[in-house]
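Just so it is clear, none of the values below were taken in a lab; they were calculated from the coordinates. Please read all numbers here as calculations on a predicted model, not as lab measurements. Neighbour counts are summed over all protein chains in view; Cβ atoms, including those assigned to glycine, are modelled from backbone coordinates with ideal geometry.
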């Protein structure tokens, strides 16, 4: 480091300013991005050297100040870290091509120069890992003057930004960036997608337009104050009010979009709007500090936060994975919010809802027994592989959709929905410990509801499969499946036969079906499918007005669930078909189907199977169910929390609360207590009615 510092002292801070700053960053950069402790030690050593070597301090300070005098900064504030205006696929292609053939670096722009100074891969990691106080201490040492020098007019390089003199280039660029950001907010606020969700933006004065008038007035007042410091700077309070109104409209559009449907364009537009408003707040904070203190040092906390954001944005601006994950996260947020509302219907609270869930799961188990029988028949017909795969997919898909139409429940469909409801509850706690008890109650109710659904599915799928076997034996004189086929069915549930892995594949299919259901719910609302159906004349003439209204209402409330169930069947059948097509060991295991298969196998042996074989088979069924639930729930919870940017820091405390409930009140995890029979009504965040109880998770079919 000593040679490096000596070279900095000997350099010309005006002509070699970029080389000096590169050398300073090279001096503190750790050997690996994750070793932030090395950077802290190097930063402290460099700050100490700056404190005792005035020549070094003057050279580095002058080089830093010259950056803000000689380089254009507007694009750094307006573009860096913002989602682009291009559509999704155009930006994806741009990032791919620019990774192969990078942009030309124009060092006249501070935005490009930032990527030259922080030029190593992973620089954004250690820059962000360093505590703000470390960076502030470094900059304080760098800006310290030999005299008393805390005021903004003390450092020789900073005398150009003294209020009362000519507006300096750095402040002028900041004001210009604020003006451009305001124009962008006005333009984005008039986007047709926003107006579709919030028609009042056309009918009343839009806050997105009003804020621009306030920004223009604020910039005029700020320039006037700079020339005449004795004048009072006015207009910031009015601007803050308008920005708050913009945020209120933004949140209102987000809430309404969950009901009226969203699109990738609307999702990206809302995120870009939020980013622009946040950046305006950041620049206003810097200008406010400059106005109040007229010194550089008080600006450092806000400046350091902005520096970290800019370094990360510039280092990762061509990262394809970042752009993909950001957009998928934004879209999944809209989809999972729809799923969280559906998930509330799968969480029972009262005994009436609990028994309703048990009954609907029993109905689902009966239908699954018939579906398992039909699958066995289809597999024995010797069909061509493609035809057999298609028939099995239709058996699954139409069967699951039929269960939904009848009002039945498939236990494994619950986790993909309930995980989103739990993530929404975690978001509502805002990290407050006093709300963890309520969250623990939701977890207990969820586990209890899962237990009821599993019991209903298993008991009836096994019982119905045995009864079907007896009925077939009575009318045909032979068993529904032979002993050879029964051995295959029992082996498929063996825990040592690869069943857990195949159950995990089914868990992934369950997770995907939850996203598909939410996607079609959103698609129905966005494209106004029920309203468009209601406009058709010929079905209204055939069905009549009353039946047509019931039909469109059913489509509105159930299109996503029907699509999710139908495609879930194709995912299950398709996974096996892909394994056969490519010769991969790929198959699926589903708890309810495995239970039905065991029932058919037991009936084939006339109940004379060894007890150990029956125990192993049912142990395998329970293991399959556990993996089904765990995989689908974990994936859904991860996506839901990631899309909401939630980090549940109190997970250990929450787990302790749930375990305490398990040891003190274990029956609550199996059967609802008496005090939950009359729960208090819950308010909807949009002012709508509370969610329907789980026993009535969908209206009756038309």
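Observations on the model:
- Each of residue 494 and residue 140 was given a label point 7 Å from its Cα along the Cα-to-Cβ line. The distance between the two points is 7.1 nm.
- Residue 93-residue 183 pseudo-label distance in nm [points 7 Å out on the Cα-to-Cβ vector]: 2.8
- In the frame of its principal axes, the stretch 542-588 has Cα extents of 54, 20, 10 Å, reported largest first.
- Computed lengthening from residue 233 to residue 662, 0.36 nm per intervening residue step minus Cα-Cα distance: 148.3 nm
- With a Förster radius of 56 Å applied to the C-beta separation of residue 79 and residue 377, the computed FRET efficiency comes to 0.35.
- Reported to the nearest whole Å, the Cα centre-to-centre distance from the stretch 465-479 to the stretch 57-112 is 75.
- Near-label residues of the stretch 451-480 by backbone N, under 20 Å of a point 7 Å along Cα→Cβ of residue 355: 451-460
- Computed E for residue 474/residue 578 - FRET, C-beta separation, R0 45 angstrom, nearest 0.05: 0.70
- Ordering of 348-354, 484-490 by packing [mean C-beta count within 10 Å, highest first]: 348-354, 484-490
- Potential lengthening between residue 671 and residue 406 on full extension [0.36 nm per residue; Cα-Cα distance subtracted]: 92.9 nm
- Its relative contact order, with pairs defined as Cα atoms under 8 Å and 6+ residues apart, puts the stretch 2-332 at 24 percent.
- Protection proxy ranking, peptides 568-578, 66-76, 191-201, average beta carbon neighbours within 10 Å, highest first: 568-578, 66-76, 191-201
- Relative protection proxy for 509-517, 267-275, from highest mean packing down: 509-517, 267-275 (other beta-carbon atoms within 10 angstrom).
- Based on the convex hull around the alpha carbon atoms, the stretch 2-332 presents an average projected area of 17.9 nm².
- Extending 7 Å from Cα along the Cβ direction at residue 606 and again at residue 224 yields two label points whose distance is 10.3 nm.
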